[in-house]
Each structure stands twice: as C-alpha cells, then as structure tokens.
Amino acid sequence: MFLYKYFTSNQEEPPKKEASQAKDDFIIVNESQENLPDLRDLKLHDEDQRLGFAIVGLGEFATVEMMPNFKNTSYCKITALVSGHADKAQKYAQQYGVDPKNIYNYENFDTIKDNKDVDIVYIVLPNGMHAEYTIRAAKAGKHVICEKPMANTVEECQSMIDACKEANVKFMIAYRCHYEPFNLDAIDRIRKGELGKIKQITADTSMIIQPDKYEYHKWRINKELAGGGSLMDLGIYSLNAARYLTGEEPIEITAFESTDKSDPRFKEVEDRIHYILRFPSGVVANCTSSYSSFGVNYYRVFGDKACLLLDPATSYTGHNAFKVSDDGRLQLSIQEGNQFAAELDHIAECVKEDKTPKTAGEEGLKDVRIIMAAYQSAQEGRPIPL
Ligand code: NAD
C-alpha cells in the first residue's frame, strides 16, 4: 500500500542542504529581463516535483515535529514561513533554506497570493486562529492543510469549507493517524473481520497541562484560543479513532465533565471529560480525556472473536499493537512509519492529481460537531442525538 513506504527504518534521507547550497540550485534571472520565464518556478514544479509549503505559526509542533519531516517526503518542501517573530522566522529560514523574501508576518500574510513559490499553506496556529488563516489562505488562492481540531465552532468549520470550495483549492485537516501504519493496520484487521463482530471500544488520552512550565500549554487553557480543554486537544484523537475504527458515524453522545474549578488552570476550559458514543451497528465507544492525569493514549477494540489493543495508539512514534484471542496475547509485528511524511505527501499528491484529501474539511467538521454535542450533553446532563 502507498502509505507503507514511509518506514522510519531503512529510510534513505537526502543529504541535508545548507542554505548557501540550496541557493546554488537556483538559476538567478536578471531582473531586467522581464519577459524571461521564472526558472526558479520551473525548478520547483517541473524538475524537482516538490510543491512549496508556507508554514503559518512556528511553534512547538511545527518546529519540533512537522518541519523536520519535510526531508522525508517525496513531494514537499518548505518555501515560506509566516510568524509574528521576525528573528525566529529568520532563524528557521536559514535552517530550511527558505529565501528571506518569503518570510511573512500576520499582517502582510495575504500578499502570499503573489508568491509562486507557495502552493500549499499549512496552518499550525492555536485552534481559535485556524478559521481566519484558512480563509485568508484560500482567498490568496493557496491550497490549505490545517491542524486539528479544525476550529472552535461548527460555523467556523463550515465557513472554512465554503471558502476553500469557492476558491477551488484543496483543503485537508492534519489528522496524522489516518496516515500511520499501526492505525491503518487496525482498520484493516477490523474490516477483514479478524476481531469478529465489533462490540465496544475504549479509548483514553491524557496529559498534565503545565502552562507555568511550557509556553505551548498557555493558550490551551484560554477558551478563545483553544475552544475547550482536554476534549478539543486530546479527546479528539479517541473520538476520531472510534469513527475510523468502526467506519460508522455515531448516533448519540452522552458526556460527563469533571473539572476542579478552583484549579487556576481550569477557569475557562474543562479538565476531564468522559463521553460515550453509540453507533448504528450497536457498537458503544467509551472514551475519556484528561488534562490532569499522567500522559497516555491508547484504545482497545473488542470483537466477539478477539480484542485489539494499541498502546500507545496515537503517539508520534513507538506504537505497540496486541491481539488477544483464543491463541493468547500476541504482540503484532508492524513496522513503525513516518506519519508526518505520509500526511504531507498526501496533500501534495491530491494537489498534483486533483484528488480530494482523505481527511478533507468535512472530516474535521464531523468531529467538531460531535465535540460540541459532548459539551452540550455534559452541561445539560442528558444524551444528545447526533
Ligand atoms: P504552540 O503554542 O507551540 O504554537 C502556536 C504558534 O502560534 C506559536 O508559534 C505562536 O507564536 C503562534 N501564535 C500566533 N498568535 C498567537 C496567539 N495569539 N497566541 C498564542 N500563539 C500564537 O502550539 P502547538 O502545540 O504547536 O499547537 C499548534 C496547533 O497544532 C494547534 O492547533 C494544536 O492542536 C496542533 N497540534 C497538533 C498536533 C498533532 O499531533 N497533529 C500536536 C500538537 C499540536
């Protein structure tokens, strides 16, 4: 299968380019020769085959996890950076060989429409900013990949989908687990009937939120920027997994919130939330997320023939899968993959081949709609039909 080419071992890494070396690859066109074609553009699109990405927001996830993985892709390269901090942007521009003329800030971001080096804009900002920057990128005529959760409200999600449709650009939500071999293997086994008829799923995600210690935890406890607490940030992985594992859409949600409001971290967003999803086939998914429990992420899928456990299930690396059946408890041999490279190449391929991304905006909207119903259920103390 296409996605399995992104193994972490046996990966052939292209030699790292220094900024000066990257510059040498371009043919410099004399500015006075206005009628000549832009050969740098030909280099990007024809010879190199890589599409240019603008990274919007140079925070923890972008700089530590995602940007370093561009070197493992086949069709992607970083060609522009968007940041409120010029010094930070310059540092990363040098590291990734980005032309300094392709550094933008949040004010002049819209002028990116004139930049032919940029095909795709990747939004890695706090959740509450996803809608604005997705819409601005679409209006600039750029394809968009946006981090999860898609946005803070259903209305925002819909306006993002509409803007991308109107601009006729591709739109993808960065649900990396859809491009990760252990999760793909789990889906495959379930679809093939290896577990028998699926009865229930349990899934839990947690971490201890420490805004005093980590800069990137600060906005996560601000309702306007985060949209909510542990469910928006972490519980979305379990919710999304329950949907892709069953291949069904839930018909009802019941949720219970447990938040110590005297804890200064939880003045605006929830700490723990427990939610139960009912699916049309009768499957029940029992999920929790927490901002005050030791960090784990796992799920268990119970069938009438076998049970499948992934622990961790939705980490960046280091996944484990076990099958429990009459044959005992078997650790499954699955090769770890590079979900980031697979995900980035997926949107690039969708742009090149005019295909709809597997995790399009509609997928993100479905999760946000269910999350909003979970909050409503917790507040009103009743199940909410979906
Ligand atoms: P972060 O705080 O490290 O990065 C956010 C960036 O936005 C920073 O560069 C910050 O300077 C910038 N920013 C601009 N305006 C801001 C404002 N008003 N307040 C705060 N920051 C502002 O956060 P992060 O952990 O990198 O998360 C960014 C996005 O990525 C979020 O949507 C998050 O859910 C998502 N994320 C996804 C994964 C994943 O596995 N797919 C993992 C972590 C984070």
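The values are calculated or read from the model by the stated rules, or taken from the named source; none is laboratory data. Just so it is clear, the model here is predicted, and its values are computed rather than measured. Virtual Cβ from ideal backbone geometry, glycine too; neighbours counted across all protein chains shown.
Data table
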read-out: Within the range 36-72, considering residues that are away from the ligand (no atom under 16 Å from the Cβ) and part of a loop (DSSP other than H, G, I, E, B), the one modelled with the highest pLDDT; value: Arg50
read-out: Hits in the range 347-357 - residues which are within 14 Å of Tyr179 (Cβ to Cβ) and surrounded by fewer than 21 Cβ atoms within 10 Å (Cβ to Cβ); value: Glu349, Cys350
read-out: Residue match in the range 192-200 (condition: crowded, with 17+ Cβ neighbours inside 10 Å, in the same structural domain as Thr317 (by TED's automatic domain parsing) and not polar (S, T, N, Q)); value: yes
read-out: Number of the exception - Gln90 against (1) part of a helix (DSSP H, G or I); (2) more than 16 Å from the ligand (Cβ to nearest atom); value: (2)
read-out: Qualifying residue in the range 84-107 (condition: under 19 Å from Met172 (Cβ atoms), surrounded by 18 or more Cβ atoms within 10 Å (Cβ to Cβ) and in contact with a helix residue (DSSP H, G or I) (Cβ under 6 Å, 6 or more places away or on another chain)); value: no
read-out: Every residue from the range 108-140 that is within 16 Å of the ligand (Cβ to nearest atom), part of a loop (DSSP other than H, G, I, E, B) and crowded, with 20+ Cβ neighbours inside 10 Å; value: Val124, Leu125
read-out: Matching residues in the range 210-269 - criterion: being within 16 Å of the ligand (Cβ to nearest atom) and not in a helix (DSSP H, G or I); value: Gln210, Pro211, Asp212, Lys213, Tyr214, Asn222, Gly227, Gly228, Gly229, Glu268, Val269
read-out: Residues within the range 358-386 that are surrounded by fewer than 22 Cβ atoms within 10 Å (Cβ to Cβ) and within 18 Å of the chain's Cα centre (by Cα), tallied; value: 7
read-out: Meets criteria (at pLDDT 95 or above and surrounded by 15 or more Cβ atoms within 10 Å (Cβ to Cβ)) for Leu330; value: no
read-out: Residue satisfying condition, being over 25 Å from the mean Cα position of the chain (by Cα) and surrounded by fewer than 20 Cβ atoms within 10 Å (Cβ to Cβ), within set Val296, Val283, Val324; value: Val324
read-out: Only listed residue being of a type in the set (Val, Ile, Thr) and buried (at least 22 other Cβ atoms within 10 Å of the Cβ), chosen from Ile276, Ile187, Ile253; value: Ile253
read-out: Complete set of residues in the range 165-199 that are closer than 23 Å to Met67 by Cβ and either more than 16 Å from the chain's Cα centre (by Cα) or not in a strand (DSSP E or B) (or both); value: Val169, Lys170, Ala174, Tyr175, Arg176, Cys177, His178, Tyr179, Glu180, Pro181, Asn183
read-out: Boolean, Tyr244 is surrounded by 17 or more Cβ atoms within 10 Å (Cβ to Cβ), among the aromatic types (Phe, Trp, Tyr), more than 30 Å from Asp326 (Cβ to Cβ) and touching a His at 6+ places or on another chain (Cβ under 8 Å); value: no
read-out: Near pairs, Cβ below 8 angstrom, 6+ apart or cross-chain, from the range 211-226 (touching a residue at least 40 places away in the same chain (Cβ under 8 Å) and surrounded by fewer than 17 Cβ atoms within 10 Å (Cβ to Cβ)) to any residue that is hydrophobic (A, V, I, L, M, F, W, C) and assigned to a loop (DSSP other than H, G, I, E, B); value: Asn222/Val269; Lys223/Val269
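Every residue, every condition in (1) free of Cβ contacts under 8 Å to residues at least 40 places away in the same chain; (2) closer than 15 Å to Leu184 by Cβ; (3) more than 16 Å from the ligand (Cβ to nearest atom), yes or no:
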{"position": "Ser292", "(1), (2), (3)": "no, no, yes"}
{"position": "Leu309", "(1), (2), (3)": "yes, no, yes"}
{"position": "Ala313", "(1), (2), (3)": "no, yes, no"}
{"position": "Gly318", "(1), (2), (3)": "yes, no, no"}
{"position": "Ala321", "(1), (2), (3)": "no, yes, yes"}
{"position": "Ser325", "(1), (2), (3)": "yes, no, yes"}
{"position": "Arg329", "(1), (2), (3)": "yes, no, yes"}
{"position": "Ser333", "(1), (2), (3)": "yes, yes, yes"}
{"position": "Gln339", "(1), (2), (3)": "no, yes, no"}
